[in-house]
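Colleague: Got a structure for you, written out below as structure tokens; questions coming shortly.
Bear in mind these aren't lab numbers, they're just calculated from the coordinates by the rules spelled out. None of these values were measured; they are calculated from a predicted model. When we count neighbours, we look across all protein chains shown, and the Cβ atoms used for this are built from the backbone with ideal geometry, even at glycine.
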Amino acid sequence: MLNRFSCSLVVAVSFLSCAYAQTEKPHADRIFVNGKIWTADDVRPLARALAVNGDKIIAVGSNEEVRAIASPDTAVIDLRGRLVVPGFQDSHLHFPGRSVNEVDLHGVENLKNFQQRLSDFAKAHPSLPWIIGHGWGYSAFPDQTVNKKYIDAVIPDRPVYVLERDGHMGFGNTKALQIAGVSSATPEPPNGQIMKGKNGEPTGEFKEAAQGLIFSHIPPRSTEDQYQSLLQHMDEAAAAGLTAVQDAYTSMESFPVFERAAAADALKLRFRFAPPILLVEGGGDPPNHKLEKSLTEADLAPYRKLRDTFQGPLMKFGAVKGVLDGTVDARTAAMFEPYVGGGTGIPFWEQDDLNKTVALYDKEGFQVLLHAIGDKAINMALNAFEYAAKTNGTSGRRHRVEHAEVPLLSDLPRFRQLGVIASTQAMFANPDATVLENFAALLGPARASHADSFKIFDDAGVVQAFGSDWGVFPFEPLPAIYCAVTRTTPQGTPAGGWYPAGRISVEAALRHFTRDGAYASFDEEVRGTLTAGKLADFVVLSKDILASPTAEILNTKVLLTVMGGKDTYRSEEFR
Ligand SMILES: [Zn+2]
């Protein structure tokens, strides 16, 4: 036992060769044979079989090689030719996720639809004091404009607030505005907008920091509600083939929720946490003015403690997240040139403050994730990473730009030069009505043509880690792979794809969802490829998406998800 342990540490790359150096052969709990195993490992890209012992893969190879390891008590699973890929890793999402008591407005296509869903939910939940929802897009509303009257018409008596699908804006009904005391006289907070009609009255819509005016009146979620959400959403994620996720704005209050799940042995995903960049006030919101005092090393003590506490493999800490701008849809993403229709967005930071703050975290060994969508914000993020590396003489921090939707083309080589990861979201390129009529229209063709183009990062040799930004978008990787590969909606529109030069191959998309995700969380030594010695995290798919027509990706199901050697999801169809 001790021998095998030290051996696998030393020769993690190839356990087979390692195992044969021992007198005893390793014990396999289960072997999976007769598959098509896409390993994401360049040393052996394809194999037929793999063996698992405990939470590790102990062999990857031909059927004969792997069968040779089996003992009489080894379970043999016949994959019947199916495709096996490393467990999907989502490099940017938000757990514990939406409350199970929120109305989901994803997919509403018009006002009638929207109102119907709201009123059905209100009727089904008569005792909720507030009705909270999320997921709508501007294209569902007349003139792409939302207004409190649309909610008043169906729910006049209870406060309602519903978030746009990316969460950077939302709108409420009259009752909600009354409770929050918002009127035409309410001043706009820094970094936020209270939208007003021609008469100067608030329309009910709030952007960015102005949403705080409403949020502060919504009763906080109970810990129990958070825990139940975590359990439910982990089940859904496992069913989608996810085995590891990076949480991109962990609030300090949710750590006990994750710890409770860990203590109950209920974790079905590996989590990596990135709480907000601490500011001098101790809060995590972006500064709305020049910082009066810089952070000091002493201020980072709570995060050093988290780093000591959570070291993996199930829960790990090591990154912090900052937010540099808003979104294109809300015209709050910070741009060098104006949007079509005006405005250049809202940069949340001053470059000088950002440089110093990032440099402090960099010096202390933390990876920094910066939400930056507009070309100006992305440029600022790269400037700050460059400053930190130069000032501290550091390298290999793998800092990340989150979303990176509309980069300057001239900034692409800087990602690679600085070793910065592009943390992108495949589903952001789904050319639905909101993307075509709002997002692309606001950018204009010159910028839209390379927005959410995953190819430009690949061509520039940048490590690109895919995520979903779930709760904003669904976290299922298969539809996201379809989107990255076709740049069409699931209905196949527009024909030929939206700016098809941005399409990537299925294999590239798989890499971004597996080994690149592991690299982005400093886990490439332990997972991300199917290699002997690494964690046994993998997925069995119903179809071979590497060899089928792309439309078949949407008909492909996850049949089995294994994390750390244990089944976290098993379809009834998997026999
Ligand atoms: Zn996010």
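Colleague: Points 7 angstrom from Cα along the Cβ direction at THR145 and GLN417: gap in nanometres?
Modeller: Roughly 4.5 nm, to one decimal.
Colleague: Another question about this same structure. Working from Cα positions, state the angle (0 to 90°, nearest 10) between the long axis of helix 375-392 and the longest principal axis of the chain.
Modeller: That works out to roughly 60 degrees.
Colleague: Once the piece of chain linking SER62 and GLN228 is laid out straight, how much longer is it, given 0.36 nm per residue of separation minus the C-alpha distance between them? Please list the in-between numbers first.
Modeller: Values: separation 166, 0.36 × 166 = 59.76 nm, distance 4.24 nm.
So the extension gain works out to 55.5 nm.
Colleague: Also: Once R0 is set to 30 Å, what does the formula 1/(1 + (r/R0)^6) return for the Cβ-Cβ distance between ALA75 and LYS557, expressed as a FRET efficiency to the nearest 0.05?
Modeller: Numbers: r = 23 Å, r/R0 = 0.75.
Here the calculated transfer efficiency is 0.85.
Colleague: Using only Cα atoms, tell me the angle between helix 351-363 and the longest principal axis of the chain; keep it within 0 to 90° and round to the nearest 10.
Modeller: 30 degrees
Colleague: Run the simple label-point estimate for PHE215 and THR391 please: 7 Å along Cα→C-beta, distance reported in nm.
Modeller: 2.7 nm
Colleague: For LYS149, list the lysines whose Cα falls under 27 Å from its own Cα; do not include residues on the same chain fewer than 8 positions away.
Modeller: LYS112, LYS123, LYS175, LYS196, LYS198, LYS207
Colleague: Counting other C-beta atoms within 10 Å, which of VAL406, VAL182, VAL340 has the fewest, and how do the rest follow? Present the calculation step by step, with values, prior to reporting the outcome.
Modeller: Numbers: VAL406 25, VAL182 19, VAL340 15.
Ascending Cβ contact count within 10 Å gives the list VAL340, VAL182, VAL406.
Colleague: Between the stretch 461-534 and the stretch 385-414, how many Å separate their Cα centres?
Modeller: 21 Å
Colleague: Right, here's the next one. If contacts are Cα pairs under 8 angstrom and at least 6 residues apart, what is the relative contact order of the stretch 294-409 in percent?
Modeller: 26 percent.
Colleague: Relative to the first principal axis of the alpha-carbon coordinates of the chain, what is the inclination of helix 477-486, with its axis defined by its Cα atoms, in degrees from 0 to 90 and to the nearest 10?
Modeller: 80 degrees
Colleague: Evaluate the distance, in nm, between pseudo-label points positioned 7 Å from the Cα of ASN101 and of LYS543 along their respective Cα→Cβ axes.
Modeller: Modelled inter-label distance: 4.1 nm.
Colleague: So if I take the centroid of the Cα atoms in the stretch 173-218 and the same for the stretch 428-443, what is the distance between those two points in Å?
Modeller: The stretch 173-218 and the stretch 428-443 have Cα centres separated by 26 Å.
Colleague: Something else: Going by how many other Cβ atoms sit within 10 Å of their own, how do PHE366, PHE215 line up, fewest first?
Modeller: Numbers: PHE366 22, PHE215 14.
With the fewest neighbours first, PHE366, PHE215 line up as PHE215, PHE366.
Colleague: Compute log10 of I(q)/I(0) for the chain with the Debye formula, placing one identical point scatterer on every Cα and leaving out solvent, at q = 0.06 Å⁻¹, to two decimals.
Modeller: Results for the chain at q = 0.06 Å⁻¹ read -0.31.
Colleague: List the pair-distance distribution P(r) of the stretch 146-222, using every Cα-Cα distance, as the percent of pairs falling in each 10 Å bin from 0 up to the bin containing the longest distance, rounded to whole percents.
Modeller: 20, 58, 21, 1
Colleague: On average over all directions, what projected area in square nanometres does the stretch 21-98 have, based on the convex hull of its Cα atoms? Could the numbers behind the result be given before it?
Modeller: Working: hull surface 30.0 nm².
With every direction weighted equally, the projected area is 7.5 nm².
Colleague: Find the relative contact order for the chain and round it to a whole percent, using C-alpha pairs within less than 8 Å whose residues are 6+ positions apart.
Modeller: Working: 1236 pairs, mean separation 96.7, N = 575.
Once normalised by length, the contact order is 17 percent.
Colleague: Under Stokes-Einstein, with the Kirkwood radius over Cα pairs standing in for Rh, what whole-number D in µm²/s applies to the stretch 315-434 at 20 °C and 1.002 mPa s? Provide the component values of the computation, followed by the final result.
Modeller: Numbers: Rh = 14.6 Å.
My calculation gives 147 µm²/s for D.
Colleague: What does DSSP give for the stretch 94-249 in terms of the percent of beta bridges that are antiparallel, rounded to the nearest 5?
Modeller: 60 percent
Colleague: So, one more: Of the DSSP beta bridges with both residues in the chain, give the percent that are antiparallel, rounding to the nearest 5.
Modeller: Details: 34 of 75 bridges.
Looking only at bridges with both residues in the chain, the antiparallel portion is about 45 percent.
Colleague: Report Rg/Rh for the stretch 470-575, rounded to two decimals, where Rg is the Cα radius of gyration and Rh the Kirkwood radius. Don't skip to the answer; put the middle values down first.
Modeller: Details: Rg = 15.0 Å, Rh = 15.1 Å.
Dividing the radius of gyration by the Kirkwood radius yields 0.99.
Colleague: When a footprinting reagent is the concern and you count Cβ atoms within 10 Å, what order do LEU360, LEU231, LEU46 take, fewest first? Present the calculation step by step, with values, prior to reporting the outcome.
Modeller: Details: LEU360 22, LEU231 18, LEU46 12.
Fewest to most other Cβ atoms nearby, the residues stand as LEU46, LEU231, LEU360.
Colleague: Once Rh for the stretch 38-164 is found with the Kirkwood sum over Cα pairs, what is the Stokes-Einstein diffusion coefficient at 37 °C and 0.692 mPa s, in µm²/s?
Modeller: 169 µm²/s
Colleague: How large is the direction-averaged shadow of the alpha-carbon convex hull of the stretch 488-545, in nm²?
Modeller: So the mean shadow area of the Cα hull is 5.5 nm².
Colleague: Please list, in chain and number order, the residues 5+ apart from LEU560 or on another chain whose amide H is under 5 Å from its amide H, with Hs placed from the backbone.
Modeller: VAL540, SER571
Colleague: With only alpha-carbon pairs counted, each pair once and no self-pairs, how large is the Kirkwood hydrodynamic radius of the stretch 294-374 in angstroms? Kindly include the intermediate steps, with their values, before the conclusion.
Modeller: Details: mean 1/r = 0.0691 Å⁻¹.
When all Cα pairs of the stretch 294-374 are included, the Kirkwood radius is 14.5 Å.
Colleague: Putting +1 on Lys and Arg Cβ atoms and -1 on Asp and Glu Cβ atoms, find which of LEU418, THR529, PRO477 reaches farthest to the positive end of the dipole of the stretch 413-529.
Modeller: Checked the options; the winner is LEU418.
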